[in-house]
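*Asks:* The structure that follows is given in the form of structure tokens.
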Amino acid sequence: MKHTKSLVLFAVLAAASMSACSGLGDDGVNFGGGASGGGGTTNATFGVTLQAKPLALPANATILSYSLTIGDVTLTPASGNPINVSGSATFDLTRLQSDSALLATFSAPAGTYSGITLSLSSATVTYCTVTTGVPGCNTGSVLSATAAPATPVIAFPGSSLVLSSGQETGTSIYFDMGGTLTVVNQAITKVDLTQANLTTIPLGPSHLSSLSSTQLDYLEDVIGNVTVSGNQVTITTHNSVQLITTADSNTFYSPNCNNTGIGDGTNTINCVQTNQLASINAGLNEDGTLELLSYDPLAPVSTTNNDWIEGIVVYTPTNPAQLTIVANDAAVTSSGTVLPNPFPIAAPITVNFQNNNPFVNLNVDTQGLQVPADFTNFVGTATPATTLLAGQTVAFHVLTYTAGSPASITTDNAILRFTRIAGNASQGGVVNNFTYDSTTLPAFYSFATPSQLVELTAGTPPTTNSTNYDGISNSTGITTGSTYSVRALFFGQFDAFPFVAAKVRQNQ
């Protein structure tokens, strides 16, 4: 008999799930109310997340997006039939350098398992060439390369995983992007998923992080439209997949809750309003449920005009009425969306300001983090295109969308959000900061000075926000020479604190 147990595919950008008795559809599915099937007295609950190894490329090349679509996921026992579920989920691996995505939760019979098989359906890698000393991509150099399907098998350490009755545990799959790429003269000539190097990182009490002892991993910066019922907060991604989280006394509510027109002025569950656009951070509990760690409303309640596209600015903007991004996320209004389905992650998009009118609403999504005083340079600026910088990640409200190569949108509102970047520490961490060795950061950012400070926030949620840590317990675990990925607000290389980190991960 072929076992088919509960599996949830979830990416920061796209998600999918399947239960034992239903197929994957386009009408939306729920996850987070508990591990389907439960650990019980015979089954174990086994969570699987996905993260990516930072990519080292030649000095004059940079990856803007690595979009990967995963189909079937199979947990293989040492003997007997595999536990398999079909589904589909798209991930931007450049985001997973610092973040994690929930790939699967299994309710699995106790026993010995030899590995996990992933069906990699396709990949699109968008990249560009750069000139040393010039921030951003060279004009017209943004290109894409695609990959054919592959089905790699990830073996567990020691070639086996033993699950006992009622056990609650998990692992993270570590995807090495670099092994799949052939680079010739700063051009990616081939993306070969058959060469994917995937290993596992055990999750649980032995894995260092700033999570509680009963949580496996962070699921961060999930964007979508919100519904709320009591203390259950459901966020719906642009693929109409619903992620159910539970708020509690530890949930942090961002300062946007006090932003007139977005929040209700209270830092409580009352801030959460149905049909808000929001970003959430969640903790994957050992039992498969999700705790709402933080809630950040991004736009007012709306049922007809809440399409947003988020992407990285690829060229240094020179036109006050236009710029170019490569998209890595989207949020879709609850009715009448103008965005295509599926949304083309990794696609270049030209952003045009409505009636050539610069924003009166350019905001910075500080999320209560400790930011430099000059962050206000990016707030309400009269010339946002030429204020924004190559390498910044920005969310744009979409008024119109026109397909093409590149596609284009018109917008009237924008929010400075979180860039993902990786490099080596040149100075260990203290409570409030650590220092990057600029020579190990992508040339795309054109850092002229030898070191760049990363600001850290030592808050105490739920009263104040705090930087999250993975692979280390806190900032003092940051050591010179080790590689760290951050999810951070980027304020430019000449700022006192170019990066303000919401997350720091020590990479293997």
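*Asks:* Where in the range 120-136 does the label zone of Thr182 land, with the point 7 angstrom along Cα→C-beta and an amide N cut-off under 19 Å?
*Replies:* Taking a point 7 Å out along Cα→Cβ of Thr182, the residues of the range 120-136 whose backbone N falls under 19 Å are 122-128.
*Asks:* At 7 Å along Cα-to-Cβ for each site, give me the label-to-label distance between Gln195 and Asn341 in nm.
*Replies:* 3.8
*Asks:* Using alpha carbons only, how many angstrom separate the centre of the range 261-300 from the centre of the range 183-200?
*Replies:* After rounding, the separation between the Cα centres reads 37 Å.
*Asks:* Points 7 angstrom from Cα along the Cβ direction at Asn377 and Ala78: gap in nanometres?
*Replies:* It works out to 6.0 nm between the two label points.
*Asks:* Right, next: Given the DSSP H assignment, sum -39500 (n - 2.57) over each helix run of at least 4 residues in the chain and divide by its residue total; what's the result at 222 nm in deg cm²/dmol, nearest 500?
*Replies:* 0 deg cm²/dmol, from helical runs alone.
*Asks:* Follow-up. Would you work out the relative contact order for the range 418-506, in percent, from Cα pairs under 8 angstrom that are 6 or more residues apart?
*Replies:* Details: 211 pairs, mean separation 31.7, N = 89.
That works out to 36 percent.
*Asks:* Taking the Cα centre of the range 94-240 as the origin and placing charges on Cβ (Lys, Arg +1; Asp, Glu -1), which of Gln232, Ser210, Thr131 is farthest toward the positive end of the dipole?
*Replies:* Thr131
*Asks:* Local charge sum around Pro372 (other residues, Cβ-Cβ under 13 Å, Lys/Arg +1, Asp/Glu -1)?
*Replies:* Values: positive: none; negative: Asp374, Glu455, Asp495.
Result for the neighbourhood of Pro372: -3.
*Asks:* Additional query: Testing the spin-label approximation: label points 7 Å from Cα along Cα→Cβ at Asn60 and Asp287. State their distance in nm.
*Replies:* 5.8
*Asks:* What relative contact order, as a whole-number percentage, does the chain give when Cα pairs under 8 Å and 6 or more residues apart are counted?
*Replies:* 14
*Asks:* Given the Cα-Cα distance of Ser165 and Gln354 and 0.36 nm per residue of separation, how much length would full extension add, in nm?
*Replies:* The Ser165-Gln354 span can extend by a further 62.2 nm.
None of the figures in this text is laboratory data; all of them are computed from the coordinates on show. Here the structure is a predicted model, which means the values were calculated and not measured. Methodologically, a virtual Cβ is constructed for each residue, glycine included, from the backbone with ideal geometry; neighbour enumeration extends over all protein chains shown.
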